1. Over all residues in A:165-174, what is the mean tally of Cβ atoms on other chains that come within 10 Å of each residue's Cβ?
2. First obtain the Kirkwood hydrodynamic radius of the protein assembly as shown from its Cα pairs, then insert it into the Stokes-Einstein equation at 10 °C and 1.306 mPa s, and state the resulting D in µm² per second as a whole number.
3. Taking the Cα centroid of segment A:49-84 and of segment A:244-275, what is the distance between the two, rounded to the nearest whole Å?
4. Using only Cα atoms, locate the centre of segment B:1-40 and the centre of segment A:135-211, then give the distance between them in Å, rounded to an integer.
5. Roughly to the nearest percent, how much of the accessible area of chain A is carbon and sulfur, given a 1.4 Å probe?
6. Work out, step by step, the length gained on full extension between B:ARG121 and B:GLU239: first 0.36 nm times the residue separation, then minus their alpha carbon distance; give nm to one decimal.
7. How far, in degrees from 0 to 90, does helix B:97-107 lean away from the longest principal axis of the Cα atoms of chain B, to the nearest 10?
8. Would you look at the GNM of chain B, springs on alpha carbons closer than 10 Å, and say which of B:LYS223, B:LYS144, B:LYS108 moves the most?
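The values are calculated or read from the model by the stated rules, or taken from the named source; none is laboratory data. Note that the structure is a prediction, hence the values are computed from the model and not measured. A quick note on method: Cβ atoms are made from the backbone with ideal geometry, for glycine too, and the neighbour counts reach across all protein chains shown. To get the accessible areas, we keep the full protein, side chains included, count just its heavy atoms, and leave off ligands, DNA and RNA. Shrake-Rupley method; radii C 1.70, N 1.55, O 1.52, S 1.80 Å.
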Amino acid sequence: MINQNLTKIKNEINKKSIILSLGYFSISFIVFIGFWYLFVIILQLSYQGVRVVPYPHETFESFFNLLIHEIDGYTLWNHVGASLLRVIIGLFYAFIVAVPLGIAIALNRHLDRIIKPIIELLRPIPPIAWIPFAIITFGLTTLSHAFIIFIGAFFPLVQNTYDGVRQSTKVYQDVARSLGASKPQIAIEIILPSIFPNIITGLRIATGVAWMCVIAAEMMGISGAGIGYFINYMKNIGHYSNMMAGMMMIAFVGLFINGVFLLIEKYSLKWKLGD
Amino acid sequence: MFKIKIKSKSFQTPDNTTNQVLQNLEFNIEEHDFVSIIGPSGCGKTTILRILAGFDSDFDGSLEYSPNSDNNYEKFDSLGKIGYIPQEFSLFPWLTIEKNIRFGLNIKNVPSKEQKEITTRLLNLVGMSEYRKYLPKEISGGMKQKIAICRALAINPMSNLIVMDEPFSALDAQTRNVLQQDLLNIWREQKLTIVFVTHNIDEATFLSKRVLVLTKLPAKILKEFTIEISHPRDRTNLEFNKIRKDLLGYLN
């Protein structure tokens, strides 16, 4: 009886909090759209009536149009797909290099002192500054993209892995040794699970950076497809509502990626969350 | 029976000066002993424990073991063979209570059925059988240390020896008192041999059969106390307080 009542109360609280969240979300959406209209109007007035930036409703219209209708044989989905594929390829390579390297330099002092200065030297160069280098080295190819994304994703991944191992509390390793674990067993059974949260964080940051890199690379003209290419192309032909629709797509994909990572964290890091 | 002899143990500080931590230190650990080591902070108590647990083989001296307690000692590599309970909470947070206890058994490839039996027995021993599926973050600090003891006992340490490095220092006073009593019960029932590092004189007096008082660096044994009062000990007892006072006198 008491339990039933409790569930009832819980359900009601849940309902209320959902309604409240929806309320806040609606308000923030309205405020955002409001500012957008205001911005366009003010801009138009200051340009003596010439309108450059499209209104929100025009952008949304273009957005939904582009999802269904092709331009030069591609829908917006195709462009996003092309960009995402590049991100995945670049991330994959960054992951398989950065994570083992991060672990290795964190565990081996000599390696640390040799590799760390190289990393510190290269890290300040923004991935975008590598684009010309990528073009002259790999040409206008997928490899060029992969390289730029690799550069962008590599540093956050290596750093987070490194920090994870360094913080991976020594005491767990000691206890495991006292229970008879060998070095490889400690690496697999202790260090890996304890740095898992850092790797997930690194991967989330890296994906964010990779997503920016791929768009920049596409805008710099390394390809004939992709969301960055599309935005740039629409700018060049003066179709600004399509251009903005492309930007909107980037925002949605970013939100989606973030959501995916939050889900991964929620389910795989149950032991860590809410500590 | 164990014999620990440390002629010297030093380490290099970052500015390359050698720092002598331990010097001419020698003591025995009997079967079913309860030895506490106390001393000023930073005097090398933890170092002794780490040497005993086998983490640190870089010292001048030896760790010996007499399998039949007949004074025939042989060199002893203790790593992985005796229980170790550190100061911090050390349960692997990504594993459930049960999997924590089974960790060492898995490493030693103990058959699954036997692992289950051992885990059940140990969880019953500390009265926590219903917590099998919990994660460490879901149980209290006192419970964590009890499970840490179970995990150390699961590997069936040699001579039931476990070494404990201020295991209750992160607990509040009340929980600490309860755990001290729990530890004594386990010690008696399981015929454990315990080496216990603490800076808490009251704790040492309450628990130990023997107390070793160490000097400042480089640490030597200043005094060895044997406490004859039978368990359970009464903290308000006159003799208890006299020993506590004596220990305090040696520490200052």
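1. The mean count of partner-chain Cβ atoms within 10 Å per residue comes to 3.
2. 56 µm²/s
3. Centre-to-centre (Cα) distance: 23 Å.
4. If we compute the Cα centre of each part, the gap is 38 Å.
5. 70 percent
6. In short, 38.8 nm is gained.
7. On a 0 to 90 degree scale, this one is about 70.
8. Evaluated over chain B, the most mobile residue of the options is B:LYS108.
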